[in-house]
Amino acid sequence: MDHSKAPVLEALRDYHNAGYVPFNAPGHKQGRGIDPRVLEVVGADVFRSDVIALNGLDDRLMRQGVLSEAQDLMADAVGAEQAFFSTCGSSLSVKSAMLAVAGPHEKLLVPRHVHKSVVSGLIVSGVQPVWVHPHWDAGQHLSHPPGVREFAEAYERDSEVKGALVVTPTDYGTCGDLRAIAEWCHGHGLPLIVDEAWGAHLPFHDGLPPWGMDAGADVCVTSVHKMGAAVEQSSVFHMQGDRVDPKVLKAREDLLGTTSPSSLVYAALDGWRRQMAQQGKELLEGALTLVKSTRGRLSDLGFTVLHDEFLGPDLADSVDPLKVVLDLAPLGISGYQAADWLREHQRVTVGLSDHRRIVAQFNHSDDDETSGALVDALDALLKAAPSFEKPPQVDLPSPREMELETAMLPRDAFFGPAEQVPAAEAAGRIAAEMITPYPPGAPGVLPGEVITRPMLDYLRSGLGAGMQLPDPADSKLESIRVVAKQ
């Protein structure tokens, strides 16, 4: 296919050139209705390019095929059979993919360390999870994607499943053995969904971990706004084979998605695909060279830069080198402290922080200037760290204690009768809400799980140390929402 074309961008250009006078949505009418104080900050071109798809970018019946052509080009660029654009982020896309494979009261193999969007999909759909143990790294206190053994063990416990889901890469850049997992799934007649939100760039360079479509997955969901280059909420479904019906997937996406998709998202996806198809290998080669140099400079400063530590038979299969993971435990400070200090004092922001690490994500957008800013900021952090207060202790559970007993379907617990009880009385009760350290966004407690004292101690001590918990009803976690006693 001709990857010099960008159907959405070309349609947007033609719309501008034609001088249409809109009497349909969006109501800002090409920015004419926007408060000048907004334009001063955001700029007029944002609104000028915010054009409705129906009877805007395309005609009333979408006869020009603007969007369908752009999606076909995306599929071709990454080696998928079909691609669908989504303007509601991969949080919605992964829900749609789950609903295309399993319905209410049906079962799905799901790793316990999935993103909260997957758990939301379980709650919305009524799908019953058959939990798959992730690879727990007790030394680093984080998890990596499970392997075939863990999927097989879960399948032996309950084989009445409709499919399987795996999250790879993780927020830390660690990846599972997708080829082996896909082969195992297909050997058991199961479709494989890959939540590859952090992997939109993987198809475009051989020096990166394997891409889901190349590994044989049936559906991959990517967030182009994460490791690609697009505006927030830019997501794509990629499909191949006949194990998942594309018409069913589209119907599920229509059920959950917006009827007012953003042309800004479509245009950004279209332009990024063209850039990657034409220049991706060269651009990513430059990023890989830059990040290798940056890792070396940080190591020379004395930082512990994690990579090989993540690899092993019961750990990760591969790691995305564009995620620079720094272990700050040797400095005696937490990732929360470091992230806050870097933002306030160095005007540098990082993607993830936890009780002992920060993660800086690189991509083709970075250059010597941005790399230098990061290294300089971290050098300053190294010098300032001895003056930091000792971080509050986080009570870390063992890997075994991180996986709680499931007593109810997540949907039933979330929507059923509930009550708010003091945290001191919550142990032994069934949770009616998610409690999620974010990022990475993997819930510590799910609706339907039996709350334990070690998990409560972990979450409450984490909150005191700087952990973000965006979803409990009581943001201070002095009380917990639990299933009401009958």
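Using the charge dipole of the range 250-349 (Lys, Arg: +1 at Cβ; Asp, Glu: -1 at Cβ; taken about the Cα centre), state which of 266, 341, 293 has its Cα farthest towards the positive end. After comparing all options, I get 266. Gain on full extension, evaluated as 0.36 nm per residue between residue 183 and residue 159 minus their Cα-Cα distance, stands at 7.0 nm. What you get for the range 315-411, charging only the Cβ of Lys and Arg (+1) and of Asp and Glu (-1), is a dipole of about 280 debye around the Cα centre.
Could you do me a favour and compute the accessible area per residue for the chain, 1.4 Å probe, result in Å²? Please list the in-between numbers first.
Details: 20840 Å² over 486 residues.
With the other protein chains kept in place, the chain gives 43 Å² per residue.
Is the C-alpha gyration tensor of the range 212-259 telling us rounded, prolate or oblate? Criteria: a/c under 1.5 is rounded; beyond that, a/b larger than b/c is prolate, otherwise oblate. The shape class here is oblate. Among the listed pairs 162/226; 5/162; 116/162; 383/476; 226/476, a Cα-Cα separation exceeding 31 Å is found for 5/162; 383/476.
Taking Cα centre as origin and charging only the Cβ of basic (Lys, Arg, +1) and acidic (Asp, Glu, -1) residues, the dipole magnitude of the range 1-41 rounds to 140 debye.
Checking every one of the GluC sites (Glu not before Pro) in the range 344-423 against DSSP loop status and a limit of 13 other Cβ atoms within 10 Å picks out 389, 405. Surface composition of the chain: carbon and sulfur make up 49 percent of the accessible area, probe 1.4 Å.
Nearest 20 debye, what's the magnitude of the dipole of the range 252-296 about its Cα centre given +1 on Lys and Arg Cβ and -1 on Asp and Glu Cβ? Could you put the intermediate results ahead of the total?
On the way: 6 positive and 5 negative charges, 49 e Å.
Charge dipole, the range 252-296, about its Cα centre: 240 debye, nearest 20.
What does the charge add up to near residue 357, with Lys and Arg as +1, Asp and Glu as -1, over the other residues with Cβ less than 13 Å from its Cβ? Don't jump to the answer; show the numbers that get you there.
Working: positive: 323, 356; negative: 137, 171, 309, 327, 354.
Net charge in that neighbourhood comes out at -3.
Relative to the present Cα-Cα distance, how much length would full extension add between residue 389 and residue 232 at 0.36 nm per residue of separation?
Working: separation 157, 0.36 × 157 = 56.52 nm, distance 3.53 nm.
This chain segment gains 53.0 nm when fully extended.
Matching the structure-derived volume of the Cα convex hull per residue in Å³ against the labelled list (1) 175; (2) 200; (3) 163 gives the label (3).
The values are calculated or read from the model by the stated rules, or taken from the named source; none is laboratory data. Please read all numbers here as calculations on a predicted model, not as lab measurements. With ideal geometry, Cβ positions are generated from the backbone for all residues, glycine too; neighbour counts draw on all protein chains shown. Each accessible area value is taken on the protein alone, full model and side chains, heavy atoms only, with ligands, DNA and RNA left out. Shrake-Rupley method; radii C 1.70, N 1.55, O 1.52, S 1.80 Å.
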